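What follows is a single structure, written as structure tokens, with notes after it.
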Amino acid sequence: MAWISLIFAGLFEMAGVAMINKLNKDRNWQALCLMLASFGASFIFLSVAMESLPMGTAYAVWTGIGASGGAILGMLFYNEPKSVLRILFIAMVLGAAIGLKLIS
């Protein structure tokens, strides 16, 4: 259950990052509310996960999902560069998160 909560925390973190971008472009209250709700849900799911996972592992996986997911969203929806090296390093971050899961 903790790992599922942690994955949801990371997904909500990705949504929050996407809403930061939307808020910068649109400057409306809907984007602000969605951003706050996404980050709020992310923190709630993270706190649930940390009830049984070590803090360092939970935080590393959460930030890995959020950072990698934000970069992937940027490449897919916001025309950010899609270089081979960028994709390789994103894969390395995700691989490290999977490695932490395997040893925890």
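Among the residues in the stretch 76-89, are any out of contact with any strand residue (DSSP E or B) (no Cβ under 9 Å at 6 or more places or on another chain), within 26 Å of S104 (Cα to Cα), acidic (D, E) and not in a helix (DSSP H, G or I)? Within the stretch 76-89, none of the residues are out of contact with any strand residue (DSSP E or B) (no Cβ under 9 Å at 6 or more places or on another chain), within 26 Å of S104 (Cα to Cα), acidic (D, E) and not in a helix (DSSP H, G or I). For the stretch 58-72, the criterion of a residue being without any contact (Cβ under 8 Å) to a residue 60 or more places away in the chain and more than 13 Å from the chain's Cα centre (by Cα) is satisfied by no position.
Here is a yes/no grid of residues against (1) more than 28 Å from L100 (Cα to Cα); (2) surrounded by fewer than 16 Cβ atoms within 10 Å (Cβ to Cβ); (3) modelled with pLDDT of 95 or more:
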| site | (1), (2), (3) |
| --- | --- |
| D26 | yes, yes, no |
| S38 | no, no, yes |
| I44 | no, yes, yes |
| E51 | no, yes, yes |
| P54 | no, yes, no |
| W62 | no, no, yes |
| A67 | no, no, no |
| E80 | yes, yes, no |
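Going by the conditions given, is S68 of a type in the set (S, T, Y), assigned to a helix (DSSP H, G or I) and within 15 Å of L6 (Cα to Cα)? It is true that S68 is of a type in the set (S, T, Y), assigned to a helix (DSSP H, G or I) and within 15 Å of L6 (Cα to Cα).
Going by what's in this entry, would V48 be described as assigned to a helix (DSSP H, G or I), β-branched (V, I, T) and over 12 Å from the mean Cα position of the chain (by Cα)? Spell out how you get there, then give the answer.
Numbers: assigned to a helix (DSSP H, G or I): yes; β-branched (V, I, T): yes; over 12 Å from the mean Cα position of the chain (by Cα): yes.
Answer is yes for this residue.
On the stretch given as the stretch 3-45, residues that are over 16 Å from the mean Cα position of the chain (by Cα) and aromatic (F, W, Y) total 1. Scan the stretch 6-31 for residues that are assigned to a helix (DSSP H, G or I) and either among the hydroxyl-bearing types (S, T, Y) or under 23 Å from E80 (Cβ atoms) (or both) and the total you get is 18. For the stretch 11-21, name all the residues that are over 20 Å from A96 (Cβ atoms) and surrounded by fewer than 18 Cβ atoms within 10 Å (Cβ to Cβ). Within the stretch 11-21, I20, N21 meet the criteria.
The values are calculated or read from the model by the stated rules, or taken from the named source; none is laboratory data. The structure presented is a predicted model; accordingly, all values stated were derived computationally and were not measured. When we count neighbours, we look across all protein chains shown, and the Cβ atoms used for this are built from the backbone with ideal geometry, even at glycine.
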